[in-house]
Amino acid sequence: MNSIMIEIKDLVTYYGTRKILDGINLTVNRGETLIILGRSGCGKSTLLRHIIGLSKPSEGHILIKGHDITRMDEDERLPIVKKIGMLFQSGALFNSMTVGENVALPLREHTQLEQSTIGIMTRMKLDQVGLAGFENFMPAQLSGGMKKRAALARAIAMDPDILFCDEPSAGLDPIVAVGIDHLILKLKKAFKMTIVIVTHEMASVFMIADRVALLDKGRILALGTVQELQAMDNPKIQQFFNREPDPEEVDRNEYLSSLVGG
Amino acid sequence: MKQIELILGHIGRNTLQFFVQISRFASLSKKTSYWLFVAPFRGKGLRWQSTIDQMVLMGVNSIPIVAIICFFVGLILAMQAAYQLERFGAAIYVADLVGVSMTREMGPLITAIIIAGRSGSAIAAEIGTMKVYEEIDALQTMGFNPIKFLVVPRFLALLIMLPCLTLIADTVGIGGGFFLAMFNLKISFIRYFNETIEALVMKDLITGLIKTFFFAAIIAIVGSYQGFSVNGGAEGVGKATTNSVVASIFLIIIADLLCTMFFYSTL
Ligand SMILES: Nc1ncnc2c1ncn2[C@@H]1O[C@H](COP(=O)(O)OP(=O)(O)O)[C@@H](O)[C@H]1O
Ligand SMILES: [Mg+2]
C-alpha cells in the first residue's frame, strides 16, 4: 500500500493581492502525526483549509491518497472527504442541534445504518472523548474544553483515516489543553489515524509530534523530528523552542517620522 | 488632480464590486435551482424534514401577524374608499375596491414585506451566524452541500407558505373591509359578500398568487446571499440582516412592478 497520505506540491495562495502561502512542499506519511508549527497569522489555518479542499489554491497541487483534490468537483471529492475528520479552531459544532445530533449527523447522512445503531455509535464516540451522557446537551451548555471534545467526537464519527486539528488547545486552560493532547494521543493509538495538527503550543509538539514543520511567512522553514529541529541553529527555530520574544529594534527616527505622518 | 483620481478610483472599485456581487448572487440562484429542481431527480434527495420545520417557523408562525396587519390594511382601504364613494351614494362599491386591491396588490405585497422582515432577516442571521462560527465550513468538510442543507429547505418552505399566507391575507383583508362596511355603512354580510364575489374575477386572484412565487424566491435568495456574505463577527451578522430586509423589499417592489406591467399593462 502507498505510504504517502498527503502530498502538497508548490502550493501558492493569495488573499486579494497578499501572498499568504508561498510555495509549500510537504508530504505526510500514513500513520504519522505531523505538527505544523507557526506564529499567529503565518497561514496555518489557510494551509489546512486548502488541504481539506475548502479553498482552492492559486497554484500548486494537493494529493490525498494520490488523488489531486484541487482538480476535483464536489461529487468526485465526496468519497475522500468522508474519510477525513476536521476539528475546527472554534469547534464549529452546529449550535442548533444537540451534541448527540451533531455526532450523529454524518452517520445519518452518509450511511444506511439503522437509527438504533447510529444511537449506539454516537454514544460510543462521545464515550471515547469522555463525554458519555452529554448527548442531549446543547453546544451552548458546554464549556470550551467540552466543546472541543464534542467536536472531536464528531470529527471521528465516520472513522476517518486522516484527522486534521486546527489549534486544538487554543483558548483552553493548560490542564484542559493537555487533556485534549492526551485524547489525540489515545485516538492515534486506537485508530492508527494519520494526524495533522496546527498549533503554536510547544507542549503539544513535545508530546504528540512524530515530525514538525515550521511555517514562517508562508514558507516551510524547517521540517523534521523534534530532536532534529532542536539541533538546528536557525535563530527563528531556536526562538520557538526557547520561547524568546522578538528582538526589539525600533529605529527611533523612523518611528518619530511615522508618528508625524511624513 | 489627486482628488479626481481618488474619486474615479472610488467609483471604479464600487462599480467592480457591484458586478462581483451580482455575479455571486446569480451563481447562488443558479445553484439553488440546481439543488431544488435537478438534483432530487438524480437521486441526491431533498431535505423534507427541515423543509417542514422551516414551513412551520416561517409560515405557520407568521399567520397571526400577517392576519392582524392585513385586517387593518383592509379596514384602511375601506375607509379611504368609503370617504369618496359615500358622496355619490355608491358605498356598496367599497366591496369591489377592497376585494380587487387586496387580491391583486395589497395582500401579496404586504405579506411579502412582512415575511421579508420576519423570515428573510432570520435566514440572513442564521446563515451569517453559522458562517461566523465556521459551521458552514464544517458542513462542507463533512461532505454536505450548504446550499442543499440550508438554502433549499428555506427556499422551498417559502415557496409553499407565501401563497398560503397571501390567501389568508386576502381573506382577512376583505374581512377588514366588511367590518367597516357593516358598522359604518350598514351593509349586510350577504350584500357585501355577493358584491365581492361579483367584482372579483379569477385573474385577480391568480395574478396575485403568481407574484408571490417571485417574492418567495427573492426573500429566500437575498436572505441566504446576505448570510453567506457575512465577514467578521457579530457585527457582520447585524449588517447582513439589515441589508437583507432592505434589499428584498426593494427587489419585491421591482418584481411587483414587472408583474403588474406584464399582467395589466395596456400598452
Ligand atoms: N478571509 C480572509 N481574507 C483576507 N485575509 C485573510 C483571511 N483569512 C486570513 N487572512 C490573512 O491570512 C493570514 C493567515 O491567516 P491564518 O491562516 O488564519 O493564520 P494562522 O491560522 O496561522 O493564525 C493572516 O495574516 C490573515 O490576516
Ligand atoms: Mg488559525
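For the reader, a short list of remarks on this structure follows.
- Condition met for B:GLU235 (more than 26 Å from B:GLY74 (Cβ to Cβ), open to solvent by 30 Å² or more (accessible area, probe 1.4 Å) and acidic (Asp, Glu)): yes
- Test for A:GLY16: is it open to solvent by less than 30 Å² (accessible area, probe 1.4 Å), without any contact (Cβ under 8 Å) to a residue 60 or more places away in the chain and either at positive phi or over 17 Å from the mean Cα position of the chain (by Cα) (or both): no
- Residues of segment B:141-168 satisfying the condition of being within 14 Å of another protein chain (Cβ to nearest Cβ) and either farther than 16 Å from A:GLU109 by Cα or not hydroxyl-bearing (Ser, Thr, Tyr) (or both): B:MET142, B:GLY143, B:PHE144, B:ASN145, B:PRO146, B:ILE147, B:LYS148, B:PHE149, B:LEU150, B:PRO153, B:ARG154
- Restricting attention to segment B:113-131, the residues that are facing chain A (nearest Cβ under 9 Å) and among the hydrophobic types (A, V, I, L, M, F, W, C) total 1.
- The set of residues in segment A:32-45 being assigned to a loop (DSSP other than H, G, I, E, B), open to solvent by less than 30 Å² (accessible area, probe 1.4 Å) and more than 10 Å from ligand 2 (Cβ to nearest atom) consists of A:GLU32 alone.
Each row is one residue, and each column tells you yes or no for (1) in contact with a Gly (Cβ under 6 Å, 6 or more places away or on another chain); (2) open to solvent by 90 Å² or more (accessible area, probe 1.4 Å).
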position	(1), (2)
B:GLN3	no, yes
B:ILE11	no, yes
B:LEU16	no, yes
B:TYR34	no, no
B:PHE37	no, yes
B:ARG47	no, no
B:GLY59	no, no
B:PHE71	yes, no
B:LEU75	yes, no
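- Unique residue being crowded, with 18+ Cβ neighbours inside 10 Å, in contact (Cβ under 8 Å) with a residue 40 or more places away in the chain and more than 22 Å from A:PHE206 (Cβ to Cβ) when the list is A:LEU152, A:LEU142, A:LEU187: A:LEU142
- Entirely in segment A:118-224, the strands (runs of 3 or more DSSP E) that have 3 or more residues that are closer than 27 Å to A:ASN95 by Cβ: A:162-166, A:194-199
- When A:SER45, A:SER40 are screened for being small (Gly, Ala, Ser), under 16 Å from the mean Cα position of the chain (by Cα), within 21 Å of A:PRO160 (Cβ to Cβ) and within 14 Å of ligand 1 (Cβ to nearest atom), only A:SER45 passes.
- Among the candidates A:ILE64, A:ILE69, A:ILE80, residue that is crowded, with 23+ Cβ neighbours inside 10 Å and more than 7 Å from chain B (Cβ to nearest Cβ): A:ILE64
The values are calculated or read from the model by the stated rules, or taken from the named source; none is laboratory data. The structure presented is a predicted model; accordingly, all values stated were derived computationally and were not measured. Every residue, glycine as well, gets a Cβ built from its backbone with ideal geometry; the counts of neighbours run over all protein chains shown. To get the accessible areas, we keep the full protein, side chains included, count just its heavy atoms, and leave off ligands, DNA and RNA. Shrake-Rupley method; radii C 1.70, N 1.55, O 1.52, S 1.80 Å.
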